[in-house]
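A.B. asks: Can you keep this structure in mind? I'll have questions shortly.
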Amino acid sequence: MASTTIVPSASPISGSRSFLRRLREGDEIARLITFLFAASTVLITLLLILELWQDSALARHKFGLQFFFTRVWDPIAEQFGALPFIYGTLVTATVSLVIAVGIGAAIFLAELAPARLSDALEFFIDLLAAVPSVIYGLLGVFIVVPLMRDYVQPGLKNTLGFLPLFSGPAYGVGFLTAGIVLAIMVIPYIISVSREVLMSVPRDQREAALSLGATRWESTWKVVVPFARTGITGSIFLALARALGETMAVTMVIGNTPTISASLFSPGYSIAAVIANEFTEATGDLYLSALIELGLVLFLLTFLLNGLARLLIVITSQRGGGTAHA
């Protein structure tokens, strides 16, 4: 008769001893501490949304969804609409990204420049990223605005004035000026992150392309850049998040006029700028609640765009890996 071997199951005592052993070794403590750090970011985000939601209750109940589609912003008559500020925020951020995509500079620093030159230029790029935004605003007021008013905007109007984007009077301040100042601010982020991503591409990718007869530029453009395109895309959307929330520099050069215009020369307003300008002057409860709801709109707008960016990065990664279907 064949004997049956019975394997004893793990008892609660042995499980508790295993847990105590891991606790003494520090694994469980390290896991708990790191989990608390990770959970705190989610908790802070939820608390921030909750606080903005509660403090904007008065404006939400009075205006409802019309708050997003109304152009009027009249504190005296207590009529508030966020559409001009949403429009100004999106237009200035878009203009800045169109101008500021510094992939060429990142490719040069990571692949083509000598090591000493690349490190030296990277130092200055990091220095530009650390400059306070109010300094960029001052440079915009004293340098960019006069140049735009006297040379750039008249030149664009004379050559491309038949387009709605470049029509109207040249004030110097406006959407285009704010977008240029934002581009100057965010381009160091794009270059720095893209350079690190390009330098992290395995060397054997380059060597394989070179061994097949590709030139250095062909190996860079056809092998290294596609390999790193997910990280490059992430750097661009990181810059977009910075552009959406920028306050002081935009406030000083955008014109601070709640209007919607097809012309990039027109003065405008952004969500962050109107909150910075009017929060201390908000006297009524409805006025203050409307400004807080604008903050909620900016938060949700940033959250939505970052979510779309993450989705784009995932799709790009899948296509790069050959897992996406046509």
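A.B. asks: Sort Thr177, Thr45 by accessible area with a 1.4 Å probe, largest first.
C.D. replies: Values: Thr177 0, Thr45 55 Å².
Result of the area sort, largest leading: Thr45, Thr177.
A.B. asks: Rounded to the nearest whole Å², what accessible area per residue is found for region 40-90 with the 1.4 Å probe?
C.D. replies: Values: 3260 Å² over 51 residues.
With the other protein chains kept in place, region 40-90 gives 64 Å² per residue.
A.B. asks: Could you tell me what percent of the accessible area of the chain is made up of carbon and sulfur, with a 1.4 Å probe and every protein chain present?
C.D. replies: On the way: 12770 of 18700 Å².
Of all accessible area on the chain, carbon and sulfur atoms account for 68 percent.
A.B. asks: On to the next question. Let me know the whole percent of all Cα-Cα pairs from the chain that are separated by more than 23 Å. The partial results should precede the final answer.
C.D. replies: On the way: 36774 of 52975 pairs.
Distances greater than 23 Å cover 69 percent of the Cα pairs.
A.B. asks: Let me ask something else about it. For the chain, modelled as a GNM with alpha-carbon contacts under 10 angstrom, which of Ser194, Ser289, Ser211 fluctuates the most?
C.D. replies: Of Ser194, Ser289, Ser211, the Gaussian network model singles out Ser211 as fluctuating most.
A.B. asks: What nm value, rounded to one decimal, do you get for the distance between Met248 and Arg203 when each label is placed 7 Å out toward the C-beta?
C.D. replies: The modelled label-to-label distance comes out at 4.4 nm.
A.B. asks: Now a separate question. Once fully extended, how much extra length lies between Ala57 and Ile99, figured as 0.36 nm per residue of separation less the alpha-carbon to alpha-carbon distance?
C.D. replies: Working: separation 42, 0.36 × 42 = 15.12 nm, distance 3.84 nm.
Stretched out fully, the Ala57 to Ile99 stretch lengthens by 11.3 nm.
A.B. asks: Taking 0.36 nm per intervening residue step and subtracting the Cα-Cα distance, what contour gain separates Ala282 from Ala30 on full extension? Spell out each step's value before the answer.
C.D. replies: Details: separation 252, 0.36 × 252 = 90.72 nm, distance 4.69 nm.
Roughly 86.0 nm would be gained on extension.
A.B. asks: At 7 Å along the Cα-to-beta-carbon direction for both Arg310 and Asp126, put a label point, then send me their distance in nm to one decimal.
C.D. replies: 2.9
A.B. asks: With springs only between Cα atoms under 10 Å, which of Ala282, Ala209, Ala309 fluctuates most in a Gaussian network model of the chain?
C.D. replies: Among Ala282, Ala209, Ala309, the largest GNM mean-square fluctuation belongs to Ala209.
A.B. asks: Could you do me a favour and compute the accessible area per residue for region 150-240, 1.4 Å probe, result in Å²?
C.D. replies: On the way: 4610 Å² over 91 residues.
Spelled out: the 1.4 Å probe surface of region 150-240, per residue, equals 51 Å².
A.B. asks: Same structure again: For the chain, list the DSSP H helices whose alpha carbon atoms reach 18 Å or more along the long axis and whose average Kyte-Doolittle value is 0.0 or above?
C.D. replies: On the way: long enough: 12-25 (20 Å, -0.79); 27-55 (42 Å, 1.30); 83-100 (25 Å, 1.84); 115-130 (23 Å, 1.04); 175-199 (35 Å, 1.89); 229-245 (25 Å, 0.95); 285-321 (54 Å, 1.39).
Helix filter hits for the chain: 27-55, 83-100, 115-130, 175-199, 229-245, 285-321.
A.B. asks: Next question. With r defined as the distance between the Cβ atoms of Arg116 and Glu196 and R0 fixed at 22 Å, what FRET efficiency is calculated, to the nearest 0.05?
C.D. replies: Details: r = 18 Å, r/R0 = 0.80.
E between Arg116 and Glu196, to the nearest 0.05, is 0.80.
A.B. asks: Given the options Leu165, Leu298, Leu47, which has the most mean-square fluctuation in a GNM of the chain, springs set between C-alpha atoms less than 10 angstrom apart?
C.D. replies: Leu47
A.B. asks: Under the rule of -39500 (n - 2.57) per DSSP H run of 4 or more residues, summed and divided by the residues of the chain, what mean residue ellipticity at 222 nm is obtained, to the nearest 500 deg cm²/dmol? Numbers along the way, then the final one.
C.D. replies: Working: 15 runs with 210 residues, N = 326.
One gets -21000 deg cm²/dmol as the mean residue ellipticity at 222 nm.
The values are calculated or read from the model by the stated rules, or taken from the named source; none is laboratory data. Treat the numbers as computed from the prediction; the structure is a model and nothing was measured. Reconstructed Cβ throughout: ideal geometry from the backbone, glycine too, with neighbour counts over all protein chains shown. The protein model used for the area step is the full one, side chains on, heavy atoms only, and it has no ligands, DNA or RNA in it. Shrake-Rupley method; radii C 1.70, N 1.55, O 1.52, S 1.80 Å.
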